[in-house]
């Protein structure tokens with residue numbers, strides 16, 4: 001099997017690429033290595049995959065020094081001619097689109113970055129699939145599409161027409177665009193609504209990294225929503241296992257959407273307490289109001305993914321946090 005996977009220098013993309021390689025899949029990775037967060041972390045992930053920074057060039061395929069079945073193509077997914085040419089040359093069996101401009105709060109500051117990557121970029125991916133006659137596209141959506149939905153747990157059947165941020169709106173637009181392309185061009189599309197993914201090599205703009213770094217260095221952590229927010233924290237290995245089951249399996253119905261979470265929401269204060277216990281230090285806390293674009297609670301109903309692909313997350317919060325903190329201390333020499 002040959003897969004084109006976008007966003008492989010990202011958190012989920014890096015871990016998924018490792019899993020695909022273990023399963024014997026030939027992978028062509030795409031990433032523009034943007035500076036939304038620390039590019040050193042992105043290059044470190046790529047180094048783990050066998051790509052040295054000095055060898056990475058724009059729009060030129062290079063092969064991993066560690067994995068003969070892995071190549072990297074440095075390119076913005078919104079560059080439609082380059083993406084179209086890559087797809088035509090590589091003829092993948094499956095495309096997995098994880099590349100996106102992430103972050104709810106950042107979308108309040110840089111809205112055009114989201115339409116560029118998440119709308120124009122996603123359209124470029126869809127067009128690449130159409131023109132190269134790719135049969136299956138798996139793409140990242142987000143739990144943010146549920147907005148301030150008061151019904152819990154969140155089900156794929158719930159209404160998602162009131163996003164609370166531009167980021168959420170762009171992810172919902174991806175779902176609608178994919179549905180349209182599936183109907184018009186018979187591209188099998190599967191959208192994954194990820195719920196607060198965390199673990200080793202995680203993003204530095206997310207709570208696990210922000211809190212761990214602050215606690216370690218005796219700085220106050222900002223606890224938004226006065227600590228009353230709840231999140232369905234999902235460990236990276238469980239997410240990757242779920243995505244792999246979809247890649248390797250048969251899609252049961254046209255344009256399926258799947259929640260992929262842990263289905264056990266955790267209060268932010270409990271999450272912080274678990275970090276404190278694992279790190280062995282008490283956090284200094286600055287309680288702040290809920291920020292614009294944030295939602296009070298996320299909670300995934302994963303019964304559809306469980307039924308169709310036997311998805312069963314197994315990593316407890318304490319286990320996942322322990323693995324994350326262990327990696328943090330090793331990587332940052334803390």
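What follows is calculated from the coordinates using simple rules that are stated; it is not laboratory data. Bear in mind that the values here come from a model prediction, so they are computed numbers and not experimental data. Positions of Cβ are generated from backbone atoms using ideal geometry, with glycine treated the same way; all protein chains shown enter the neighbour counts.
Grab the DSSP H runs of the chain that are 4 residues or longer, score each as -39,500 (n - 2.57), total them, divide by all residues and round the 222 nm result to the nearest 500 deg cm²/dmol.
Details: 12 runs with 130 residues, N = 334.
My calculation for the chain gives -11500 deg cm²/dmol from helical runs alone.
Listed from fewest to most Cβ neighbours within 10 Å, the set 194, 51 follows the order 194, 51.
Between 315, 234, 212, the residue with the greatest mean-square fluctuation in the GNM of the chain (Cα pairs under 10 Å linked by springs) is 315. Taken as Cα centroids, the range 1-72 and the range 158-227 sit 21 Å apart, rounded to the nearest whole angstrom.
Sorted ascending by nearby beta carbons within 10 Å, beginning with the fewest, 6, 314, 269, 196 become 314, 269, 196, 6.
If you take every DSSP beta bridge whose two residues both sit in the range 3-102, what share of them, in percent to the nearest 5, is antiparallel? Display every interim value, and only then the final one.
Values: 2 of 16 bridges.
Antiparallel: roughly 10 percent of the beta bridges in the range 3-102.
The GNM of the chain, with springs linking C-alpha atoms under 10 angstrom apart, assigns the highest mean-square fluctuation among 12, 236, 215 to 215. Once the Cα atoms are used to define both axes, helix 207-216 deviates from the longest principal axis of the chain by about 50 degrees. Annotation: the antiparallel percentage among DSSP beta bridges lying fully within the chain is about 10. Length gained on full extension, residue 281 to residue 151, computed as 0.36 nm times the residue gap minus the Cα-Cα distance: 43.2 nm. Taking the C-alpha atoms only, the angle from helix 121-132 to the longest principal axis of the chain is near 30 degrees.
Angle of helix 166-185 to the longest C-alpha principal axis of the chain, folded into 0 to 90 degrees and rounded to 10: 30°.
Order by neighbour count: 177, 1, fewest other Cβ atoms within 10 Å first, most last.
Details: 177 17, 1 13.
Lowest to highest Cβ neighbour count: 1, 177.
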